[in-house]
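Below is one structure, written out as structure tokens, with a few remarks after it.
Derivation of every value follows stated rules applied to the coordinates shown; laboratory data play no part. What you see is a predicted model, and the numbers here were worked out from it, not measured in a lab. Cβ coordinates were reconstructed from backbone atoms using ideal geometry, including for glycine residues, and neighbour counts include every protein chain displayed.
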Amino acid sequence: MQIGVYEFPDLNAIDDDGFVAAGGDLLPATMIDAYQHGLFPWHNSLYGPCWYCPNPRMVLYPENLHVQKSMRPYLNGNRFTFTMNEAFSDVLEGCASVPREGQAGTWIWDEYREAMLALHEQGVAISGEAWENNTLVGGFYGLYMNGVLHGESMFSRTSNASKYAFIKMVKSLTSLRMVDCQVPIEHLKRLGAEEMSRDLFLSRLSEFRT
């Protein structure tokens, strides 16, 4: 499969864990082409970025978004304030620096960070921010193309802030057709996300590109 100037293996031939190849670059054109064809970089290696397309894939259709009862006070109250694209670099840094249970470090390496900032300048990478008393307490970012929000990461410095930012972003993108959540995550399942076969996911991406 041709992605930018690089030849990647046929996705039908890869294992369910989704590892496709290592190599290539993270230039905006390569990144855009890769995401539109179902690939995303997950970590770096001696050979360059490692690209994945797992099976199954987790997706969320906006009409299936489930707002849990515990979240309604946050969404209907005034504890948090929501903005979009007001603090993209800060959201990216928050996702890289806020400690996560079960993780010793971050997978957001320098080249990836620079690639996301370049894509943000092009209007492709977007962020949703949760503020409390004018302080950034949570956020979510991803790539938005062809009505598909390719979710990358989120962070919270206080309870439910990232979930608030995610829900508000999904509700704010009026032309949103599908959220690509990449891999099964329990708290996204509770928000209405579902598993989809890789074949069907790639078919949906192809349909949305036309």
Amide H neighbours of Met145 under 5 Å, at least 5 residues apart or on other chains, H built in the peptide plane: list them. His150
Degrees between helix 161-172 axis and first principal axis of the chain (Cα, 0 to 90, nearest 10): 80 degrees
Sorted by chain and number, the residues with a modelled amide H under 5 Å from that of Arg177, at a separation of 5 or more or across chains, are Val148, Leu149
Mean separation of Cα contacts under 8 Å (at least 6 apart) over the residue count of the stretch 83-208, i.e. the relative contact order in percent, is 21 percent
Between Ala29 and Gln68, what is the label-point separation in nm under the 7 Å Cα-to-beta-carbon projection? 4.4 nm
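Enumerate by residue number the chymotrypsin sites (Phe, Trp or Tyr not before Pro) in the stretch 44-96 meeting two conditions: DSSP loop (anything except H, G, I, E, B), and at most 12 other Cβ atoms within 10 Å of the site's Cβ. Each step should come with its number before you reach the end.
Working: sites: Tyr47, Trp51, Tyr52, Tyr74, Phe80, Phe82, Phe88; in loops: Tyr47, Phe80.
Loop-located and lightly packed - Tyr47.
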Karplus couplings for the stretch 33-50 from phi (6.51 cos²θ - 1.76 cosθ + 1.60, θ = phi - 60°), rounded to Hz, Gly and Pro as x? 4, 4, 4, 5, 10, x, 9, 8, x, 10, 7, 10, 9, 4, 9, x, x, 9
Which ³J(HN,Hα) values in Hz, rounded to whole numbers, follow from the phi angles of the stretch 114-122 under the Karplus curve 6.51 cos²θ - 1.76 cosθ + 1.60, where θ = phi - 60° and Gly and Pro get x? 5, 5, 5, 5, 5, 5, 5, 4, 8
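Applying a 10 Å radius around every beta-carbon, put 24-30, 8-14 in order of their mean neighbour count, most first.
24-30, 8-14
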Return the distance in nm (one decimal) between the two label points of a simple spin-label model at Ile185 and Asn146, each offset 7 Å from Cα along Cα→Cβ. 2.3 nm
Expressed in nanometres to one decimal, the distance between label points 7 Å along Cα→Cβ at Val98 and Leu46 is 3.6 nm
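Report, in deg cm²/dmol and to the nearest 500, the calculated mean residue ellipticity at 222 nm for the chain, where each DSSP H run with n ≥ 4 adds -39500 (n - 2.57) and the sum is divided by the residue count.
Value at 222 nm, helices only, nearest 500: -8500 deg cm²/dmol.
Calculate, in nm to one decimal, what Glu114 and Thr83 gain on full extension: separation in residues at 0.36 nm each, minus their alpha carbon distance.
Here the segment from Glu114 to Thr83 would lengthen by 8.9 nm.
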Would you mind working out the magnitude of the charge dipole of the stretch 58-209 relative to its Cα centre, with +1 at each Lys and Arg C-beta and -1 at each Asp and Glu C-beta, to the nearest 20 Debye? 680 debye
